[in-house]
1. In debye to the nearest 20, how big a dipole does the chain give about its Cα centre with +1 on each Lys and Arg Cβ and -1 on each Asp and Glu Cβ?
2. Can you tell me the FRET efficiency between Lys448 and Val170 if r is taken as the Cβ-Cβ distance and R0 is 35 Å, rounded to the nearest 0.05?
3. Ordered by packing density, taken as the mean number of other Cβ atoms within 10 Å over each peptide's residues, highest first, how do 366-373, 479-486 rank?
4. Rounded to the nearest 20 debye, what is the charge dipole size of region 91-146 about its Cα centre when +1 sits on each Lys and Arg Cβ and -1 on each Asp and Glu Cβ?
5. What does the highest-first list of 3-11, 165-173 look like by mean Cβ count within 10 Å?
6. Using the Cα centre of region 458-564 as the reference point, and only Cβ charges (+1 on K/R, -1 on D/E), how large is the resulting charge dipole? Debye, rounded to the nearest 20.
7. Any idea what Rg and Dmax come out to for region 417-564 if you just take the C-alpha atoms, in Å?
8. Less than 15 Å apart at the alpha-carbon level, and either on another chain or at least 8 residues along: which aspartates and glutamates does that give for Lys138?
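FYI, it's all coordinate maths here, none of it is from the lab. Everything quoted here is computed from the prediction, not taken from an experiment. Cβ placement follows ideal geometry from the backbone for every residue including glycine, while neighbour counts extend to all protein chains displayed.
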Amino acid sequence: MNEQLSIAAALQEIGTLLELKGGRYFQARAYKAAAQVLANLEPNLKSLIEEDRLIEISGIGSAIASQIKELHRTGTSRMLEQLRSELPRGALELSTVPGLSLKKIQQLQEALGITNVAELRAACEQERVRTIKGFGAKTEQKLFAATSQTKKPRKELNIHKALRVAEEVVSYLRLASQVKQLEIAGPLRRWRETTPDITIVAKATNAAPVLEHFASWVLVIRVMERSADSCVVSINTGIKVSLRVAKPKQFVRLLVEATGSQEHLDHLQQVAETTRHTGSEREIVAESETDFYQQLGMQYIPPELREDEGEIEAALNGKLPGDLVKLTDVKGMLHCHTNYSDGKHTVEEMAHGAEALGVSYLTITDHSPTAFYAGGLPIDRLKRQWEEIAQVQEQVTVRLLRGTECDILADGSLDYPDHILEQFDVIIASVHSRYRMDEDQMTQRVTKAMRQPWFKIWGHALGRIIQHRPPFNARVEEILDVIEESRVAIEVNGDPYRLDMEPRWIREARKRKIKFVISTDAHSINGMKNLKFGVGIARRGWVRREEVLNALGVEPFIKAVKPC
């Protein structure tokens with residue numbers, strides 16, 4: 001298991017146990033906050049410990065740094081072990097039940113030996129809880145009801161957080177000896193922007209040891225459900241993780257079912273009924289998902305398309321695109337910020353980062369002057385950046401392109417004068433302010449900008465920030481009609497909090513034969529990994545390789561986007 005995540009889990013548990021004991025609220029909150037910081041930390045933890053730089057990280061003070069070092073050195077913490085010994089066994093799991101204080105948990109253990117939620121539920125069913133002094137029949141009924149709804153996930157997880165946890169689960173499950181294959185399923189496999197929980201599907205001849213291995217994971221605080229072939233747990237951050245295990249012959253069918261969507265599966269069932277592949281007649285036994293769909297008389301449907309939005313009809317008629325864009329198709333890293341504006345790394349560092357990822361070219365697109373809050377570049381600083389780009393170019397093989405993420409101002413004009421705009425290799429034009437303009441105003445603002453000869457790429461098109469800000473109001477189809485006439489491409493933004501534009505609008509753009517670029521919106525070297533999210537959203541929009549401009553080599557790309 002990843003050491004960094006394991007230590008973060010230990011800090012989270014310390015915080016939860018401190019909170020449960022009571023009287024140490026601020027200390028508990030500090031440990032929980034540090035756990036989140038550590039879980040999302042980019043630098044190598046081992047290096048930070050060896051160089052004694054932990055306290056340089058915001059949210060990690062000297063006391064917590066000491067705990068991290070001890071956990072790194074010994075694999076445990078005296079503070080954590082002490083807290084565990086001071087609290088009733090199972091207190092962490094039982095604390096997830098609404099209405100259970102530490103005092104009541106102690107009473108339940110002393111009177112009935114209850115150490116987990118399953119035992120509490122059984123005791124309530126048997127009407128034994130009401131016999132404890134201070135509980136009574138009404139409290140027993142409330143606890144029984146609460147055991148079926150303990151600590152549900154707060155809200156849907158953003159894709160990048162969920163994917164990180166899912167990959168850790170898969171990494172841990174690979175250590176189980178019986179596992180032959182593992183796949184992340186559910187909304188994550190379909191590259192949905194958010195997911196309520198995480199589903200993993202495993203292939204194994206014997207499910208029992210795999211499920212036992214899963215339930216024993218250090219991050220698990222409660223086993224919520226368990227059957228002969230599945231297990232659902234809640235981990236320390238409140239995320240629900242489901243593991244479903246299938247024998248080899250049933251694995252493909254289970255993977256299709258667990259991937260969803262439900263609408264897609266319902267439609268598949270209708271197709272199966274017409275081809276007599278019903279549960280009562282004959283189950284499909286397939287060696288692969290391609291084989292599974294072929295047995296239903298259709299093309300293979302990639303997971304990203306399984307939303308019942310025309311993919312089944314297209315697959316039945318042999319009209320599903322077979323060349324959806326892939327991560328390996330993308331040759332250029334687009335929409336990257338440096339420390340000239342609000343990025344973390346220098347031009348040189350970003351260039352080496354792109355080079356290490358094997359791309360052919362990198363666009364440096366820092367903010368324009370109006371984005372002063374993000375360190376937007378006035379012309380004098382912009383020219384200094386151009387000089388630095390030229391100097392760095394001599395040191396790297398990746399081609400560096402001079403670009404900007406230029407604000408579309410309220411009146412539809414762009415944020416640099418024409419004589420500057422014409423000198424860029426690439427211009428990404430985006431809305432960064434006045435999101436509350438009405439539909440008419442915003443539509444006019446964007447379409448006016450698009451009609452300018454300099455405008456070639458529409459950045460994070462509708463300005464959404466997932467779970468925080470909805471897309472702005474505009475007549476999108478009218479804007480797409482203007483794009484169709486103006487040689488503008490649309491950015492599919494890979495920032496996992498943007499993933500803009502939405503797949504439904506990408507499909508509308510494709511009808512008009514509009515081109516796309518898939519970007520990272522990277523503000524650091526690590527942010528270049530956002531590319532996979534952009535590719536996932538593009539695939540959900542049915543985007544083909546030939547429709548992506550940065551799947552071109554550098555010279556054809558420059559020709560396609562050069563301001564003119």
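1. On the way: 76 positive and 76 negative charges, 338 e Å.
In debye, rounded to 20, the chain gives about 1620.
2. On the way: r = 48 Å, r/R0 = 1.38.
That pair, Lys448 with Val170, gives E of 0.15.
3. Details: 366-373: 19.0, 479-486: 16.9.
Answer by packing, highest mean first, reads 366-373, 479-486.
4. Details: 8 positive and 6 negative charges, 51 e Å.
Roughly 240 debye, rounded to the nearest 20.
5. 3-11, 165-173
6. On the way: 20 positive and 14 negative charges, 68 e Å.
For region 458-564, the charge dipole is close to 320 debye.
7. Cα only, region 417-564: 14.5, 40 Å (Rg, Dmax).
8. The reachable aspartates and glutamates, counting only those whose Cα sits under 15 Å from Lys138, are Glu125, Glu127.
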